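The numbers here are math on the coordinates, done by the rules we state, and not lab data. Computed from a predicted model, the values in this text were never measured in an experiment. Note that we place each Cβ from the backbone using ideal geometry, even for glycine, and neighbour counts take in every protein chain shown.
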Amino acid sequence: MAEPQHIRGPSVTSRALSILGAFEGSSGNLTVARIAARANLPLSTTYRMVHELEEWGGLRKGSDGKYQVGFRIWELGQMAGRRLRDRAHPFLQDLFDLTHENVHLAIREGTQSLYVDKIYSSRKMPQVSRIGGRLPLHATAVGRVLLGAQPDWFVDAYLQRELEAPTTKTVTDPRILTQLIGDVRRDGYSVTIEQMRMNALSVAMPVVFNGQTVAALGLVFEAFRYREVQRFMPQLRGTVDRIEVAMAGRPVHIGE
């Protein structure tokens, strides 16, 4: 008679990752009890591992006793897309100086847009994206640009998922989204209005390197200013061109 296989519990690594994953989508400040609940781990285990992660620098305890992601994790996260960000940032700054609007740069990570750089405007706009943050592909202009760059089988599989609707105006109908993604592929840019936040409009274009879309560059401003989209197109297009030249390793003079 064969011996029953030993059923192993979660590894130390998976438990540590579950604890760090508990902060995804949160406000960033969590009690140990809340971390345990979100990570689906026993409270005693969570206490021990949170303390170890704090000593390593992965978590940081605030004066209120709640925890947030530590600087060491943030520093590691900054390594993702660093070459792209380093090459692109001076041109994002130029675009911001020209438009005085929120500027951001995103890449695709799985089924989400990962924001690798952003310059904030002083305008009172609802801030949804943040450096290192992730948002759904279908609900942002940069996301639709990145989604439109994928093969049809990927787009079809993505649209068959249950799509979240951050606002009452977020498009989640696969048939409509298929048409909108087709428009992005045809026009070379995407415009979304009140898809992630009410009163917010975003416009984005692809950044292409070696024939592949590697990122999307976008602007965000108030939705009631939708007539100004075309006014920003030359600046957005010019910035994308300069980033692509810099990515190819050719010299670009800042401010030219």
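Quick look at the values:
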read-out: Amide proton proximity set for residue 116, modelled H, under 5 Å, gap of 5+; value: 105, 106, 107, 132
read-out: Cα-projected label distance for residue 66 with residue 199, points at 7 Å along beta-carbon direction, nm; value: 2.4 nm
read-out: Rg to Rh, two decimals, where region 82-247 supplies the alpha carbon set and Rh follows Kirkwood; value: 0.93
read-out: Percent breakdown of C-alpha pair distances by 10 Å bin, ordered from the shortest bin, for region 12-74; value: 24, 65, 10
read-out: Spin-label proximity, residue 111 to region 162-204 - amide N less than 20 Å from point 7 Å beyond Cα toward beta carbon; value: 162-182, 195-197
read-out: 3J(HN,Hα) from dihedral phi, region 174-183, Karplus parametrisation 6.51/-1.76/1.60, rounded to Hz, x for glycine, proline; value: x, 5, 5, 5, 4, 5, 5, 5, x, 5
read-out: Extension gain (nm, one decimal) between residue 169 and residue 212, 0.36 nm per residue minus Cα-Cα; value: 12.4 nm
